[in-house]
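Shown next, in C-alpha cells, is the structure this report addresses.
We did not get these values from a lab; they are worked out from the coordinates using the rules stated. Just so it is clear, the model here is predicted, and its values are computed rather than measured. Cβ placement follows ideal geometry from the backbone for every residue including glycine, while neighbour counts extend to all protein chains displayed.
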Amino acid sequence: MTRYLISFDEGAMTHSEDDHQDVADAAHAVVREAQDAGVWVFGGGLLSHEEMSVVATDGTVDGAPDGKAAFVGGMSIIDVPSREAALEWTARIAAACRCPQEMREFNPDPAVGN
C-alpha cells in the first residue's frame, strides 16, 4: 500500500454559506466511506494561515511567511494499493468539497513506516 496526501488551497472552497452544511455532510460521507474501506489514515481542515506559526531552525517563532502564494486549507492522507485508486479517492473528495484537490504520493521511507 502507498500513502497519498490529498490537499486543497485555503480559499479554494468557494461555495456559498448556505451550501456549507451540504458540503460538510458530503465531505464527512466520503471520509466515512474511506474509513469503511480501510484506506483512511488522517485528515482535516486547517485554521486560517493567519493562525500559523513558522519555527526557524534556531527555534525562533514567527508568523506566516511573506509572499507565499498559497496555503493549505485542508488535507487527507489515504493508504491505497495504486495510483489509480488514489486518483479515484481524490476525485470523490474533490466532488464532495466542490473544489480541486492536489494529490501527491509520499516518498517511501521504511524507517518511518511509509
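Here segment 2-107 is treated as an ellipsoid with the same Cα gyration tensor; its semi-axes, largest first and in whole Å, are 26, 19, 11. Of the residues Thr14, Thr2, the one with the fewest other Cβ atoms within 10 Å heads the list, and the complete ranking is Thr14, Thr2. Entry note, the chain: relative contact order of 49 percent, from Cα contacts under 8 Å with a spacing of 6+ residues. Computed over neighbours whose Cβ is under 13 Å from that of Val23, the net charge equals -4, Lys and Arg +1, Asp and Glu -1.
Annotation: amide H of Phe8 within the under-5 Å range of Gly73, Gly74, Glu102, sequence separation 5 or more or interchain, hydrogens built in the peptide plane.
Using Cβ contacts closer than 10 Å as the measure, can you line up Asp79, Asp19 from fewest to most?
On the way: Asp79 18, Asp19 13.
With the sparsest Cβ surroundings first, the list reads Asp19, Asp79.
Kindly provide the helix-only [θ] at 222 nm of the chain, computed as the sum of -39,500 (n - 2.57) over DSSP H runs of four or more divided by all residues, to the nearest 500 deg cm²/dmol? Present the calculation step by step, with values, prior to reporting the outcome.
On the way: 2 runs with 33 residues, N = 114.
Dividing the helical sum by the residues of the chain leaves -9500 deg cm²/dmol.
Near Gly74, once Lys and Arg are set to +1 and Asp and Glu to -1 for all other residues with Cβ below 10 Å from its Cβ, the sum equals -2.
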